[in-house]
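Asker: Structure below; questions to follow.
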Amino acid sequence: MEAFTTLTGIAAPMPKANVDTDQIIPARFLKSISRTGFGKNLFANFRFREDGSENPDFVLNQEPYRKAEILIAFENFGCGSSREHAPWALLDFGIRCVIAPDFADIFHNNSFKNGVLPVKLPREVCAQLMEDAKMGGNARITVDLERQVVVRPSGEEIPFQIDPLRRHLLLNGLDDIGQTMQHAPAIDGFEAKQRAAQPWLYGA
Amino acid sequence: MSAQKPRTLFDKIWDAHVVETLPDGTALLYIDLHLTHEVTTPQAFDGLRAAGRKVRRPDATLAVIDHNIATDASRYTGIVDPESRLQVETLEKNVAEFGVPFIPLLDARQGIVHVIGPELGRSLPGMTIVCGDSHTSTHGAMGALAFGIGTSEVEHVLATQTLLQKPAKNMRVAVEGNLAVGCSAKDVTLAIIGKIGTAGGTGHVIEYAGDAIRGLDMAGRMTLCNMSIEGGARAGMVAPDQTTFDYIARTPNGPKGEALDRAIEWWRTLPTDAGAHFDRIVTLAAHEIAPQVTWGTSPEDVLPITAAVPDPEAVEDEARREQFRRKMQYMGLTPGQRLQDLPLDVVFIGSCTNSRIEDIRVAASIARGRKVAEGVRALVVPGSGLVKKQAEAEGLDRILQEAGFEWREAGCSMCLGMNPDKLTPGQRSASTSNRNFEGRQGPGGRTHLVSPATAAASAIAGHLADVRDYQPKDAH
């Protein structure tokens, strides 16, 4: 996983609540067995018309948002299916940070595992950032994970909260399986105890 | 012995599975059962292979194919779509390489992962259960802590049989009193989501309680827990009771004899203690719940079947009003239109929400002696091969087919538009599945979520219908 430290880029405004993972990447595109290549179908039902041509009204088909690295949205971003293909598709398109008032739990978890930073800020702040984002290339937004601030184009700094362990993993691009493997003796001990108390859970 | 603080069902299962607590409060949580399917695992097995890791507990892992496959006879001659075929073959190769127990496509036990776990007796009370699928919440009906995970977490569980988790908050949703005629668990869950909203349960695990919930059979409890995720909750649970134990005793792979007695002894200690703390409590009166139907593109856009389409202009917030207008346009609705006047193209009875034998019995009881309206395509897709076999033994397939319903093979089918069963643009469906998102059942498809009874009645009416006008006809 690529580390996330500081990102300065174009932010795409998506003034919608409940952007679900079926919108982010429709199920018919989940058939790949790889982690990459999903970017071309990110938001496919909005980006492309029935005949396959681009829909010019959709934000990611407009300049400069074709190069957006940040997405601003409203409540409950990433609700619905558990598909990790959603952050994979965002990442593959080039979006490494989503800012919204809140996120659905599984999407929130999945994002951290892939170096996509979900930033929670109050709706009023998201509405301000939405206006900033509408200025496109003239209004780059910075997301600084080290200092835990979002910097508006005006220079105003907005602090955000984040789980310290997740921040650490993201700043260093760490995979957590290796870390968990260091707890193998504790897992062995747990299993021995559980097997004695609840033998029906073993050897099915 | 010191008096322990009263705990919830969730607290007890959580506490029993913490291997270690890290300094920041994150728990290393042990996972008792890991269910897997073809869509969310290929990248996880690749990760194991790349790192030279093994599956730690193959005996606590089970794989099945459900999302990608056709539900007509074509499955017997091989999967047509090359990408679907590759994904299925990849799972077959991975389970062989890593020694993971697997139910093949043409096995009688094949079915939707959330139907077969409980049905086979693999999903049990007090367990932690995960699967790379958000509707894993279904298994909470057994009195388990069950939740969906992403592919990175699938890999983590395969390698370590654990997950790094922060404890959730406790939420109690109580449904008191008796359900009205024509109402089922599906109407209850839709009414709950209508009340709390699609983010109402975010960060929480919901325990469903109250006498209306106690009175539900296991299939009803599974429907209810299944859609917890649509209310934003990571998991939903129902405390295990005699209904649960009797169900498990009938399963092929559940514990038997002395092992079952010993298990029940522990399971009886799991229900929430008197005085345990809930962070949020929501109460509904069962008799106030009418048959429900969604009108929009989020499960929270739900109304009683007797209602009319709402008016976006009544919404104050500009961004929300615009989104509301978009929903109306997508769904092809006019404010004030009666929901019961909406004509249907397709009726889908199936999915991990409503494809169990009990659901099919209800649909057949309404279909008996009636005909599907002209121009409506109606599918009944059993949740598993065992459900299909049982329905056929009861003659339900014959009743449904005589009425004009298609009787299909088990799978996820038209719930999610990734196999051949899809809506075409503009088609309107009444569906017993769980998501009415834009494009969920196929690009441009318009989904109204309903119960199996409402779906069957609507197939016969040719439009969204009030099931109370379509009570079962006498069998004789």
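The values are calculated or read from the model by the stated rules, or taken from the named source; none is laboratory data. Only a predicted model underlies this, so the values are computations on that prediction, with no experimental measurement involved. Here Cβ is always computed from backbone atoms with ideal geometry, including for glycine, and neighbour counts include all displayed protein chains. These area figures cover heavy atoms from the full protein model, side chains too; ligands, DNA and RNA do not enter into them. Shrake-Rupley method; radii C 1.70, N 1.55, O 1.52, S 1.80 Å.
Asker: Does A:Ala100 meet the test of being surrounded by 24 or more Cβ atoms within 10 Å (Cβ to Cβ) and of a type in the set (Gly, Ala, Ser)?
Answerer: For A:Ala100, the condition - surrounded by 24 or more Cβ atoms within 10 Å (Cβ to Cβ) and of a type in the set (Gly, Ala, Ser) - is met.
Asker: Could you say whether any residue in the stretch A:179-192 is free of Cβ contacts under 8 Å to residues at least 40 places away in the same chain, open to solvent by less than 30 Å² (accessible area, probe 1.4 Å), at negative phi and not in a helix (DSSP H, G or I)?
Answerer: No, that holds for no residue.
Asker: On to the next question. May I ask you to list the residues in the stretch A:1-51 that are closer than 17 Å to B:Thr40 by Cβ, within 10 Å of chain B (Cβ to nearest Cβ) and not hydroxyl-bearing (Ser, Thr, Tyr)?
Answerer: A:Asp20, A:Asp22, A:Pro26, A:Ala27, A:Arg28, A:Phe29, A:Leu30, A:Lys31, A:Ile33, A:Arg35 - these are the residues of the stretch A:1-51 that are closer than 17 Å to B:Thr40 by Cβ, within 10 Å of chain B (Cβ to nearest Cβ) and not hydroxyl-bearing (Ser, Thr, Tyr).
Asker: Something else about it: Do you know which residues across the stretch B:304-323 are closer than 26 Å to B:Thr353 by Cα and crowded, with 19+ Cβ neighbours inside 10 Å?
Answerer: Listed by number, the residues that qualify are B:Ile305, B:Val309.
Asker: Please indicate, with yes or no, whether at least one residue in the stretch B:172-189 is of a type outside the set (S, T, N, Q), within 14 Å of chain A (Cβ to nearest Cβ) and under 25 Å from B:Leu9 (Cα atoms).
Answerer: For the stretch B:172-189, residues of a type outside the set (S, T, N, Q), within 14 Å of chain A (Cβ to nearest Cβ) and under 25 Å from B:Leu9 (Cα atoms): absent.
Asker: Here's another thing I want to ask about it. Looking at the stretch B:134-148, can you tell me whether even one residue there is open to solvent by less than 10 Å² (accessible area, probe 1.4 Å), assigned to a helix (DSSP H, G or I), farther than 19 Å from B:Gly236 by Cβ and facing chain A (nearest Cβ under 9 Å)?
Answerer: Checking the stretch B:134-148: not a single residue is open to solvent by less than 10 Å² (accessible area, probe 1.4 Å), assigned to a helix (DSSP H, G or I), farther than 19 Å from B:Gly236 by Cβ and facing chain A (nearest Cβ under 9 Å).
Asker: What do you reckon, is A:Gly155 within 13 Å of chain B (Cβ to nearest Cβ), in a loop (DSSP other than H, G, I, E, B), without any contact (Cβ under 8 Å) to a residue 40 or more places away in the chain and on the phi > 0 side of the Ramachandran plot?
Answerer: No: the conditions fail for A:Gly155.
Asker: Hey, can you tell me all the residues within the stretch B:86-132 that are in a loop (DSSP other than H, G, I, E, B), more than 10 Å from chain A (Cβ to nearest Cβ) and surrounded by 17 or more Cβ atoms within 10 Å (Cβ to Cβ)?
Answerer: Passing the criteria: B:Val100, B:Leu105, B:Arg109, B:Gln110, B:Ile112, B:Ser123, B:Pro125.
Asker: Hey, another quick one. Hey, any hits in the stretch B:72-83 for a residue that's open to solvent by less than 10 Å² (accessible area, probe 1.4 Å) and either hydroxyl-bearing (Ser, Thr, Tyr) or within 14 Å of chain A (Cβ to nearest Cβ) (or both)?
Answerer: No.
Asker: List the pairs whose first member sits in the stretch A:138-151 and is open to solvent by 10 Å² or more (accessible area, probe 1.4 Å), whose second member is not in a strand (DSSP E or B), and whose Cβ atoms are under 6 Å apart, counting only residues at least 6 apart or on separate chains?
Answerer: A:Glu146/A:Thr5; A:Gln148/A:Phe160
Asker: Tell me, please, whether a residue that is surrounded by fewer than 17 Cβ atoms within 10 Å (Cβ to Cβ) and in a loop (DSSP other than H, G, I, E, B) can be found in the stretch A:27-35.
Answerer: yes
Asker: What is the residue count in the stretch A:76-96 for residues that are in contact with an Asp or Glu (Cβ under 7 Å, 6 or more places away or on another chain) and crowded, with 21+ Cβ neighbours inside 10 Å?
Answerer: Qualifying residue count, the stretch A:76-96: 7.
Asker: Test B:Ile213 against the stated conditions and say whether it is outside any helix (DSSP H, G or I) and either open to solvent by less than 10 Å² (accessible area, probe 1.4 Å) or of a type in the set (Phe, Trp, Tyr) (or both).
Answerer: No, not satisfied.
Asker: Further, regarding this structure: For B:Tyr247, all conditions in the list (1) open to solvent by less than 10 Å² (accessible area, probe 1.4 Å); (2) of a type outside the set (D, E, K, R); (3) in a helix (DSSP H, G or I) hold save one; what is the number of the exception?
Answerer: It is condition (1) that B:Tyr247 fails.
Asker: Among the residues of the stretch B:320-349, which ones are without any contact (Cβ under 8 Å) to a residue 40 or more places away in the chain and not in a helix (DSSP H, G or I)?
Answerer: B:Leu333, B:Thr334, B:Pro335, B:Gly336, B:Gln337, B:Arg338 - these are the residues of the stretch B:320-349 that are without any contact (Cβ under 8 Å) to a residue 40 or more places away in the chain and not in a helix (DSSP H, G or I).
Asker: Among the candidates B:Asp24, B:Asp32, which residue alone is open to solvent by 40 Å² or more (accessible area, probe 1.4 Å) and of a type outside the set (A, V, I, L, M, F, W, C)?
Answerer: On inspection, the qualifying residue turns out to be B:Asp24.
Asker: Run down A:Leu129, A:Leu60, A:Leu71 and say which single residue is in contact (Cβ under 8 Å) with a residue 60 or more places away in the chain, hydrophobic (A, V, I, L, M, F, W, C), assigned to a helix (DSSP H, G or I) and away from chain B (no Cβ under 13 Å).
Answerer: A:Leu129
Condition check ((1) modelled with pLDDT of 95 or more; (2) among the aromatic types (Phe, Trp, Tyr); (3) farther than 16 Å from A:Met14 by Cα) across all residues:
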| residue | (1), (2), (3) |
| --- | --- |
| A:Arg49 | no, no, yes |
| A:Asn55 | yes, no, no |
| A:Gln62 | yes, no, no |
| A:Ser81 | yes, no, yes |
| A:Leu121 | yes, no, no |
| A:Ala139 | no, no, no |
| A:Asp144 | yes, no, yes |
